[in-house]
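Accompanying notes for the structure given below.
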Amino acid sequence: MARLLENHALDILKRSGIRVPRSRVISSPEEAKETAKEFGGRTVLKALIPAGGRAKAGAIRIAPTPEGAAEYAHELLGRIVLNFTVDEILVSEFVKIAKEFFVSLTFDSMSRKPLVLFSSLGGVDVESILERDPARLIEQPVPISSGLRPYVAREIAESAGLKGIEMAAAADALVRLYRIFREFDAETVEVNPLTLTDQGELVAPSAVIVIDNQALFRHPELSGIADPERTNGWRPLTPLERDIRSIDRIAADSAIRFNDLDGGKVAFMMTGGGAGLLALDCIMRLGGEPATTFDITPGRVEEKMYLATKAILSKSGLKGLIAGGNITNFIPIDIKVRGVMRALKELRVNPTDFPIVFRFAGPGVEEARRLATELPGIEFYDAESSLEDAVKRIVELTRDR
Amino acid sequence: MSILLNESSRVLIQGITGQQARTHLSYMMRYGTRVVAGVAPGKGGQVVEGVPVYDSVKAAKGRHPIDISVLFVPASQAKNAALEAIGNDISLVIVLAEGVPHHDAAEIIEEAEARGVRLIGPNSQGMISPGRAKLGGTGGSEPERIYRRGPVGIISRSGGMGGEIANVLTRNGIGQSTYVSIGGDLLIGTPFVPLLTLFGSDPETRAVVIFGEPGTGHEEDVASMVRAGRFTKPVIALVVGESLERFPKGMSFGHTSSILQRGLGSPGRKKILLREAGVRIAESFAEIPTLVESALNKGAA
C-alpha cells in the first residue's frame, strides 16, 4: 500500500473539482508564520506524516494567529508522532465548520465491489461513534461496470439524512471521489471530515488516498508521490527493512515481503502466505520469539535468498535461524537453499553454536539436503514432517540461549 | 466423483507459449488432464506439446468444445485474458496470477457473475482431482507424491497449505476427492461457500477441510452455512493468523487479503463462529488428520 501524503491527496481532490482550503507545506516556524499571515491569520497545522490518527496524537492544531502558528510549528517539527518524525507541516486556511460528514471508498471483500461508506456524522471520533451506532453509516456497494451513478450518490446522501442543497453537494463530492478511486487504482479514498462551511459550501480539509501497490506499474503520474517505502503500514521502514527492499529490487521476477519485528531471537524465514502465518502462529504459541517475517514469491531467487539471509543475520540479538516453507510444486527448492548456504558459509556461521533448522520440501529436495550437510549441525526437515515440527525444533534449540 | 474437474474435462490454456505454461502443461497432461487447445495472441498456428495454439479464445472454441480455461498470464495482462474467457462463456475460468490489481479483479469478478461463469482466483494455484486431472501448478511434476484419491475435499486460501493438508492426509492413508486453491487475494471469484455446495452434492466427498486466513468474511459465511444446515457433511477448519492480532495494526504479510477490515476478518472470531456452528476446529496443523479420521469414522457408523 502506498499512502499519499496529505498535500498530494488534497492536490488530487482539487484537480477533481472538490473544494479544498488553501494550504502550503512548510518546514520552519518562520514559514508557518508567513503562511498564516498570507492565509488571513487563523490556520490549521497538521504534521505531514503517512499515518492516521494524528488529531488524537496531538499533531493537528488550530493556530489563532501567525505567531501561534510559528509556536505550534516549533513544537511539532522534529517531534516523533505515531512513529514518524515530523519534518514538514501542512498549514491550511481555517475553515469554519457548520457540519461534518464522513466519506470513505474502499473495496469490500464480500460483495467484491467498491464500497461507498457515508455518514452524516464526521470528525475525529467517527469510527468509535459508528461502531456504537452502525445505523448512522450508509454502506453502498457500487457495480464497477456502471460506476457510481449520480442518482445513486444522491440516494446515499439522502439515506444519511441530508436534504436539498446539502444533499446535492455531498452527492456531487461522492461522484468525484469515486472517480478518483477508479482513476488512480486506489485501495482507499477517505475524507473525514468532509465539511459544510457556514457559507453552505462543501470543503474537504483533509484527505487520505492509498494506492494499490500492485497497480503502481501503470501510474507513472504518481511516481515520486506514491512511495511504498515511506511506511511499512504503521511506522517508517527500519534500516534492515530498507536493506531488504533494495535487495528485492535486484530482480523483478520475484517479490520479497519482509517485516523487521521488535527484538526477537529467531531469524524467521518461513515463506508462503498461508504457511508463513501458520509457522508464525506456531512459534508464538510455543513461546518462541521471531525477529522477522519473510516471504518470497517464486522466481530466480538464489541471489535474493543469499543477500536477504546475510542482511537478516546482521540483526543483533539473534540466537538461531529457521528457513523454509510449504511443499513447493515446481520451483526447485535447492535454489533457495543454495542462496541461504552461501550466506551462512560466508558469514562462517557454526550451527552448533547458532542453531539452524530448515524445512524445505518439493522438487530438488535431495540436492537441498546435500547442500545443507556442507555445514554440520543444520537440522533438515522435509515433507515427512510438518511445518510445525520444524518450528517446534527451533524453539527448543533456542529456548535457553 | 470429484467437483469441477475430472479426466474428461476439456481444458484450454491461455498464455500457453510462456515458459511456466509449457512446464506445467507437460505435468498436467502427464497426469491425465485433457488439454485440448491453447491461446497466445499472435502465435496462432503453433503447436506446444502437441496442443494446437490459437490467436483467440473464440478461434479455439470454434474448433474444440472447452469446459475450463486456465490462465498462465502475468498479473498485468490477467484482466484482458480473463474477460476474453468470460466473454466467450467458458464455464470455469482459473486465474493463477499473483498481484492482479484490485480494480482489475473487481471487474473480472463482476463480469463473471453477470455471465454466469465460475471464476477461481486470482492468485489461485489451481486445482486437482487426484488420480483424474489437475490444473495449474498444483502438485507440480509429481502430484502422486502428495495427493491420493479419496473421500476428503480441500478448499484453501493458501495454495501451499492446501498441498500440506493433502500431504498429511495422504501420509495418514486418507485420500482426497478434489482440492481447490481459491486464492489469497482480497477479492476472489469463488470463496468457500459455493464450493461447499458442490462438495455437498458430490457422493464421493464425505468431509471437507478448509484452510482459512485473516481478513474477509469467507470463513464467517461458512459458519452461517453450516449453522443453517445448508452443508451437513463434516467440516474441519484450520484458521491461521491469530498471532497477527498481537502485532501492530497495519502490518502486512504475504496475502493481500490478510488485513482486518471493519470488524471482519479476525481469525479468533472466525474460529469462535465456526466452532459454534459445529465445525471441527484444528488448533494446530497436527490435529488435522485426527479430526478428519474421526469425522470419517463417525460418518461411516
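Looking only at region A:1-33, filter to residues that are open to solvent by less than 10 Å² (accessible area, probe 1.4 Å) and of a type in the set (G, A, S); which one of those is nearest to A:V44 (Cα to Cα)?
Per the stated criteria, the residue is A:A32.
Go through region B:102-114 and give me each residue that's touching an Asp or Glu at 6+ places or on another chain (Cβ under 7 Å) and either within 17 Å of B:I182 (Cα to Cα) or open to solvent by 10 Å² or more (accessible area, probe 1.4 Å) (or both).
The answer is B:H102, B:A105.
Report, by residue number, each residue of region A:98-122 that is more than 12 Å from chain B (Cβ to nearest Cβ) and open to solvent by 10 Å² or more (accessible area, probe 1.4 Å).
A:A98, A:K99, A:E100, A:F102, A:S120, A:L121, A:G122
Which residues, taken from region A:324-377, are hydrophobic (A, V, I, L, M, F, W, C), assigned to a loop (DSSP other than H, G, I, E, B) and out of contact with any Pro (no Cβ under 9 Å at 6 or more places or on another chain)?
A:I327, A:L347, A:V349, A:F354, A:F360, A:A361
Restricting to region A:284-295, name every residue that is more than 8 Å from chain B (Cβ to nearest Cβ) and either open to solvent by 50 Å² or more (accessible area, probe 1.4 Å) or hydrophobic (A, V, I, L, M, F, W, C) (or both).
Within region A:284-295, A:L286, A:G287, A:E289, A:A291, A:F294 qualify.
May I ask you to verify whether B:P191 is over 30 Å from A:L286 (Cα atoms) and in contact with a His (Cβ under 6 Å, 6 or more places away or on another chain)?
yes
Just to verify a result, which residue in region A:178-192, among those that are touching a Leu at 6+ places or on another chain (Cβ under 9 Å) and in a strand (DSSP E or B), is farthest from the other protein chains (Cβ to nearest Cβ)?
A:V191
Could you list all residues from region A:67-81 that are open to solvent by 20 Å² or more (accessible area, probe 1.4 Å) and closer than 23 Å to A:A204 by Cα?
Correct list: A:Y72 only.
Exactly one condition in (1) open to solvent by 10 Å² or more (accessible area, probe 1.4 Å); (2) assigned to a strand (DSSP E or B) is false for B:L198; which is it?
Every listed condition holds for B:L198 apart from (2).
Look at B:G121 and say whether it is open to solvent by less than 10 Å² (accessible area, probe 1.4 Å) and in contact with a Lys or Arg (Cβ under 8 Å, 6 or more places away or on another chain).
Details: open to solvent by less than 10 Å² (accessible area, probe 1.4 Å): yes; in contact with a Lys or Arg (Cβ under 8 Å, 6 or more places away or on another chain): no.
Spelling it out, it is not the case that B:G121 is open to solvent by less than 10 Å² (accessible area, probe 1.4 Å) and in contact with a Lys or Arg (Cβ under 8 Å, 6 or more places away or on another chain).
Out of the residues in region A:142-177 that are touching a Pro at 6+ places or on another chain (Cβ under 7 Å) and outside any loop (DSSP other than H, G, I, E, B), state the one that is surrounded by the fewest Cβ atoms within 10 Å (Cβ to Cβ).
Only one residue tops the list, namely A:V175.
If B:S124 meets every condition in (1) under 20 Å from A:I333 (Cβ atoms); (2) part of a loop (DSSP other than H, G, I, E, B) apart from one, which number is that one?
(1)
Check region B:237-253 and report whether any residue there is at pLDDT 95 or above and away from chain A (no Cβ under 14 Å).
First pass over region B:237-253, keeping only residues at pLDDT 95 or above: B:237-240.
Right, trim to away from chain A (no Cβ under 14 Å) and you get none.
Looking for residues that are at pLDDT 95 or above and away from chain A (no Cβ under 14 Å), one finds none in region B:237-253, hence no.
The values are calculated or read from the model by the stated rules, or taken from the named source; none is laboratory data. Keep in mind that what you see is a predicted model, and the values were worked out from it rather than measured. All Cβ positions, even for glycine, are placed from backbone atoms using ideal geometry, and neighbour counts span all protein chains on display. In case anyone asks, the SASA skips ligands and DNA or RNA and just uses the protein heavy atoms, side chains included. Shrake-Rupley method; radii C 1.70, N 1.55, O 1.52, S 1.80 Å.
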